[in-house]
Amino acid sequence: MSDLEPHAVPDAVLEALGLEDDPGAFDPYTVDSDGWNLEVSGAVTDPLSLSRRDLESFPFETATEDFDCVEGWRADDLAWRGVRVERVLERAGPVADEPHALVRALDGDYACSFPLERLSTALLALELDGEPLPLEHGGPARLVPLDDDDDCWESIKWVSAIEIGDDPFGGDDTAKERALSRLE
Ligand SMILES: Nc1nc2c(c(=O)[nH]1)N[C@H]1C(S)=C(S)[C@@H](COP(=O)(O)O)O[C@H]1N2
Ligand SMILES: [Mo]
């Protein structure tokens, strides 16, 4: 597996996935619509609720990226595989004039805002290095931005929702603050 740092899976994630009694029971292939869905909502013509199986019906792409964390570690040549966010947005039909998106995760209020154009090119990764994405690295799905200057906190583990709107969701954008608070 990769050189990503191991981090504890927060209780909120285990609870959301019904794994509080047995974290080892996580099986990315059988996460069903009772356990996890990716919600796409807000300023869209067709709000979506996509199960893992629904995501598998989209074309998959692979991207190999190095990962740098502000805490001072790095992991080289991570091979992510999954669905380009653009493919999902095509189905949802964003309608905002200057669209932004807030990407939410299962660990409480962890969320990150993106201009929609930038988010479109990111990958919703379901696999890492040829294996289903493990829970500790963000399974069932992790948002992996693919531009050159992305920050570590924008690589969002346990993605649960993408909310489209007209403003940059400043007040809800907690990811940077949460990541930088770990430096203290
Ligand atoms: N949902 C969620 N995603 C997250 C974080 C988090 O706390 N919650 N931390 C971010 C930060 S700062 C880093 S460096 C990476 C760490 O990824 P890893 O645990 O797979 O090493 O996850 C990013 N994505
Ligand atoms: Mo980080």
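The values are calculated or read from the model by the stated rules, or taken from the named source; none is laboratory data. Quick caveat: nothing in here was measured; it's all calculated off a predicted structure. Glycine also receives a Cβ, built like all others from the backbone with ideal geometry; neighbour counts cover every protein chain displayed.
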Complete set of residues in segment 169-184 that are in a loop (DSSP other than H, G, I, E, B), without any contact (Cβ under 8 Å) to a residue 60 or more places away in the chain and within 13 Å of ligand 1 (Cβ to nearest atom): none
message: Out of the residues in segment 129-168 meeting the condition of being out of contact with any helix residue (DSSP H, G or I) (no Cβ under 8 Å at 6 or more places or on another chain) and assigned to a strand (DSSP E or B), tell me which one is farthest from ligand 2 (Cβ to nearest atom).
response: G165
- request: Identify all residues within segment 132-148 that are without any contact (Cβ under 8 Å) to a residue 60 or more places away in the chain and over 20 Å from G108 (Cα atoms); write none if there are none.
  value: P145, D147, D148
query: Looking at segment 23-37, which of the residues that are more than 15 Å from the chain's Cα centre (by Cα), assigned to a loop (DSSP other than H, G, I, E, B) and touching a residue at least 40 places away in the same chain (Cβ under 8 Å) is surrounded by the fewest Cβ atoms within 10 Å (Cβ to Cβ)?
result: Y29
message: Filter segment 144-173 down to the residues that are under 20 Å from A8 (Cβ atoms) and either surrounded by 18 or more Cβ atoms within 10 Å (Cβ to Cβ) or of a type in the set (S, T, Y) (or both) and list them by number.
response: W153, S155, I156, K157, W158, V159, S160
- request: Taking P10 as meeting all but one of (1) within 16 Å of ligand 2 (Cβ to nearest atom); (2) farther than 30 Å from D167 by Cβ, write down the number of the exception.
  value: (2)
task: Answer yes or no as to whether L128 is within 13 Å of ligand 1 (Cβ to nearest atom), modelled with pLDDT of 95 or more and within 17 Å of T64 (Cα to Cα).
output: yes
- request: Please enumerate the residues belonging to segment 38-51 that are more than 9 Å from I164 (Cβ to Cβ) and in contact (Cβ under 8 Å) with a residue 40 or more places away in the chain.
  value: L38, E39, T45, D46, P47, L48
- request: Could you please let me know if D46 is at pLDDT 95 or above, more than 20 Å from G130 (Cβ to Cβ) and either of a type in the set (A, V, I, L, M) or within 16 Å of ligand 2 (Cβ to nearest atom) (or both)?
  value: no
message: I'm trying to understand the selection: among the residues of segment 149-168, which are under 13 Å from D109 (Cβ atoms) and more than 17 Å from the chain's Cα centre (by Cα)?
response: none
So G171, is it within 16 Å of ligand 2 (Cβ to nearest atom) and among the small types (G, A, S): no
